[in-house]
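Everything on this sheet refers to the single structure shown next.
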Amino acid sequence: MNITVEREHFWPLISQIQGLLEKRTNTPIFENVLIKTEGEHITLYASDSELSFSGHFPGKVNTPGSLVVNGKRLFEIIRELSSGAMTLSNESHRKIQITKGDSKFQIHSLKDEDFPVFPPVQTKDFQKFKAKELLESIDKTVYCTSLDDSRYHLMGVFLESFPKESKYRWVATDGYRLSCMDTPMKQKLEFTDQQIIIPKKGLQEIKKMLSSAEENDEVDIAIEVPRLIVHFKNQKLGIRLIEGAYPDYKRLIPDDPGKEISLDREEFLAGLRRVSVLASARFKGVTFSFTKSKLTMEFINTDTQEEAREIINCESQTSKLKIRLNSKYVLDVLHSMKKKRVKMFFKASSSPCLFKEEESEEENKNYICIVMPMRF
């Protein structure tokens, strides 16, 4: 194979797929990428045991063929090259040559038949999502996924469809907090049992894929069990879904959330950041004490006897409310929200604390977060 490509056309794809290249694996082939000519098109393939990616990029096909090369090594070489045309070729099955001007590299190659076969996409039942809306749904839920391997079914975002209500629901929880986001449904997307669990790594790759999306761009999505298929412009991503039953998240959402407290999000975020400066892996609890017009945030590290305190304005329905929460969890919630004001709801120091963005009633039902309290 011999192709000539512009660095600015190739660089975005080889950068994007670095997260797919397995760094800890007993299958070295997953550290490689496949570059293949298909007529006048050139396609880059990357895969691991859970994800598969392909992306087309423009270039001149001097000699058709294919090559398999270490993806990280290729990335490091391309990163150091200046913009302009470069040539990739494999005169033999053992070496790949990369040439640009006076720069020349020869790196080890594998046989293309060693590269994993991509599962063919059979379904034609693709549904359209707005790219920006999809990104927002991921951003507002993925941070609540679990990091505990023993709770594998919680290491992804639960996607449920409600055809009668014409909406999708995105849910994530790690057992200590929960986020829930509703988005409108243009047309019914057929799920197995109307629900799937998308792994966190797959969602992170979707975010990379959509990083250049503009306001009106759309994404095509289909379910072909056991995979989620995502098409965006010249790229395709296959994500193996998480098997298992998702817990009944609705039990964590209180029917009566309790008293309402309204705060300026930026002021709340800045104050909590300052209080959290002294937090550590062992001590993350911040006590939130509310009066009718003030919120006092206090942090105490009993190991070092260090303390921090902040007082900010609020609008509260009651003059006596106190709760202790993990400061990192609350910061994650505030970072995920974009509106000017945020609402907190809870009944007592031992009850779940519910967060909403302050907007119209319709939008208030769109996105909620719940943080479980800590003991005093």
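The values are calculated or read from the model by the stated rules, or taken from the named source; none is laboratory data. In this text the structure is predicted, and so the values were computed from the model without any measurement. Backbone-built Cβ (ideal geometry, glycine too); neighbour counts: all protein chains shown. The accessibility values were calculated without ligands, DNA or RNA, using every heavy atom of the protein model including side chains. Shrake-Rupley method; radii C 1.70, N 1.55, O 1.52, S 1.80 Å.
Taking the residues in the stretch 71-104 that are among the charged types (D, E, K, R) and over 22 Å from PRO12 (Cα atoms) as candidates, determine which candidate is least open to solvent (accessible area, probe 1.4 Å). Let's see the steps before the verdict.
Step one: list which residues in the stretch 71-104 are among the charged types (D, E, K, R), which gives 72-73, 76, 79-80, 91, 94-95, 100, 102, 104.
Checking the rest, the ones that are also over 22 Å from PRO12 (Cα atoms) come to 91, 94-95, 102.
Values: GLU91: 157, ARG94: 151, LYS95: 98, ASP102: 166 Å².
Applying the filter and picking the extreme gives LYS95.
Screening the stretch 45-70 for residues that are over 22 Å from the mean Cα position of the chain (by Cα) and not in a strand (DSSP E or B) and picking the one that is surrounded by the most Cβ atoms within 10 Å (Cβ to Cβ) gives GLY59. Give me the residue from the stretch 303-358 that is among the aromatic types (Phe, Trp, Tyr) and either open to solvent by 80 Å² or more (accessible area, probe 1.4 Å) or assigned to a strand (DSSP E or B) (or both) and, out of that set, nearest to PHE376 (Cα to Cα). Taking the candidates together, the pick is PHE346.
Checked against (1) assigned to a strand (DSSP E or B); (2) at pLDDT 90 or above; (3) closer than 16 Å to PHE129 by Cβ, THR183 meets all criteria but (2).
Screening GLU224 with (1) open to solvent by 10 Å² or more (accessible area, probe 1.4 Å); (2) touching a helix residue (DSSP H, G or I) at 6+ places or on another chain (Cβ under 7 Å) gives one miss only, at (2). Among the candidates TYR143, TYR246, TYR168, TYR176, the residue that is on the phi < 0 side of the Ramachandran plot, open to solvent by less than 10 Å² (accessible area, probe 1.4 Å) and of a type in the set (Phe, Trp, Tyr) is uniquely TYR168.
Considering the conditions (1) among the basic types (Lys, Arg); (2) in contact with a helix residue (DSSP H, G or I) (Cβ under 8 Å, 6 or more places away or on another chain); (3) under 30 Å from PRO184 (Cα atoms), LYS259 is excluded by exactly one of them, (2).
Got at least one residue in the stretch 365-373 being without any contact (Cβ under 8 Å) to a residue 60 or more places away in the chain and either surrounded by fewer than 19 Cβ atoms within 10 Å (Cβ to Cβ) or in contact with a strand residue (DSSP E or B) (Cβ under 8 Å, 6 or more places away or on another chain) (or both)? Checked the stretch 365-373: at least one residue is without any contact (Cβ under 8 Å) to a residue 60 or more places away in the chain and either surrounded by fewer than 19 Cβ atoms within 10 Å (Cβ to Cβ) or in contact with a strand residue (DSSP E or B) (Cβ under 8 Å, 6 or more places away or on another chain) (or both).
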